1. Taking the options Ala53, Ala65, name whichever one is modelled with pLDDT of 95 or more and surrounded by 24 or more Cβ atoms within 10 Å (Cβ to Cβ).
2. Are any residues in the stretch 122-146 open to solvent by 70 Å² or more (accessible area, probe 1.4 Å) and of a type in the set (S, T, N, Q), and if so, which ones?
3. What are the pairs, 6+ residues apart or on separate chains, where a residue within the stretch 230-253 that is touching a residue at least 12 places away in the same chain (Cβ under 8 Å) has its Cβ under 6 Å from a residue that is open to solvent by less than 40 Å² (accessible area, probe 1.4 Å) and among the aromatic types (Phe, Trp, Tyr)?
4. Part of a loop (DSSP other than H, G, I, E, B), surrounded by fewer than 22 Cβ atoms within 10 Å (Cβ to Cβ) and of a type in the set (Phe, Trp, Tyr) - does that describe any residue in the stretch 113-121?
5. From (1) of a type outside the set (Phe, Trp, Tyr); (2) at pLDDT 95 or above; (3) outside any helix (DSSP H, G or I), pick out the condition that doesn't hold for Ser87.
6. Please enumerate the residues belonging to the stretch 252-267 that are part of a helix (DSSP H, G or I) and either in contact with a Lys or Arg (Cβ under 9 Å, 6 or more places away or on another chain) or aliphatic (A, V, I, L, M) (or both).
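The values are calculated or read from the model by the stated rules, or taken from the named source; none is laboratory data. No experiment lies behind these values; they were computed from the predicted model shown. Glycine gets a Cβ as well: all are built from the backbone with ideal geometry, and neighbour counts include every protein chain shown. Calculation scope for accessible area: heavy atoms of the full protein, side chains included, ligands and nucleic acids excluded. Shrake-Rupley method; radii C 1.70, N 1.55, O 1.52, S 1.80 Å.
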Amino acid sequence: MTPVSLSDVSWAAKPYPEIRDIAAEDGSLLVVPVGSLEQHGHHLPTVTDSALADAVARLGAERVADRVPILTTPVVWSGHSPMHLDSFGGTLSLTLEQMLGVLDGVGRTGVENGFDGLLLVNGHGANGPAIDGAVSRLGSSYPSVEVAGLTYYHLVSDFADDVRESDTGGMSHGGELETSLMLHLFPELVQMDRIGEWEHRDMPYRHAAPDMTESGQINVYRSSDRYSESGVEGDPTVASAETGEEIFEHVGDELEALLSEMHEFVA
């Protein structure tokens with residue numbers, strides 16, 4: 001097994017002259033997937049957020065690689081996950097300040113190779129403030145570089161009702177969305193027979209996000225055990241590889257469009 005992806009868009013698989021040559025082309029883009037290493041219940045691996053952020057980032061980049069000079073870095077695998085630390089094992093976490101520092105460092109040294117645009121593709125909700133902070137910090141430091149960030153599963157918001165089997169809330173942490181994607185992409189890492197009990201306890205605020213596909217208008221800190229006894233906050237029992245494939249391709253379509261727009265803007 002190779003230590004890194006050998007995709008044509010992989011930064012890590014190329015010698016440095018090729019990286020500099022790609023960055024020097026007009027409209028060059030660098031994509032940085034950002035995840036976490038945290039509990040996802042009994043049935044999903046702790047690498048879920050990082051594995052999915054990496055997969056969707058590479059999919060989007062590969063979709064445009066024939067017309068856009070583009071590379072993806074290895075995933076930033078440790079995120080900001082304090083809500084899991086006091087409740088369950090298996091989580092490694094950075095503080096918000098450390099997370100912002102990592103993203104700032106990766107972004108700065110990345111774009112200084114000569115890239116015209118930078119996109120942070122996030123796979124873990126609590127990374128959001130660090131993603132936003134890094135976009136602002138890097139954008140102000142490099143005004144000639146287009147800097148953007150997003151959380152990939154928010155791209156599913158207008159598509160979720162077309163494919164979901166669960167009720168609202170079922171696509172929360174470790175639920176239908178993530179389990180379906182993992183069944184499609186990494187089935188060997190999913191243990192459906194270990195799901196056991198799961199539950200979704202609604203936030204007591206009507207402006208809070210109903211599940212992962214929505215960002216919500218209010219952000220509330222909570223430890224995971226306030227909303228789940230197993231670590232799962234959605235409904236994984238209805239997940240399927242077929243649903244995962246549809247979601248994956250939809251996210252790929254959205255990222256392809258975004259990367260094409262960024263390239264045209266900075267070229």
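1. Exactly one of Ala53, Ala65 is modelled with pLDDT of 95 or more and surrounded by 24 or more Cβ atoms within 10 Å (Cβ to Cβ), namely Ala53.
2. Ser136, Ser140, Ser144
3. Within 6 Å, the pairs are Glu233/Tyr227; His250/Phe159; Val251/Tyr152.
4. Scanning the stretch 113-121, I find no residue that is part of a loop (DSSP other than H, G, I, E, B), surrounded by fewer than 22 Cβ atoms within 10 Å (Cβ to Cβ) and of a type in the set (Phe, Trp, Tyr), so the answer is no.
5. (2)
6. The first filter runs over the stretch 252-267 and keeps only residues part of a helix (DSSP H, G or I), leaving 252-266.
Of everything in the stretch 252-267, those that are part of a helix (DSSP H, G or I) and either in contact with a Lys or Arg (Cβ under 9 Å, 6 or more places away or on another chain) or aliphatic (A, V, I, L, M) (or both) turn out to be Gly252, Asp253, Leu255, Glu256, Ala257, Leu258, Leu259, Ser260, Met262, His263, Val266.
Conditions tested, residue by residue: (1) in contact (Cβ under 8 Å) with a residue 24 or more places away in the chain; (2) outside any loop (DSSP other than H, G, I, E, B).
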| residue | (1), (2) |
| --- | --- |
| Lys14 | yes, no |
| Pro17 | no, yes |
| Ile22 | yes, yes |
| Asp26 | yes, no |
| Ala51 | yes, yes |
| Arg63 | yes, yes |
| Arg67 | yes, no |
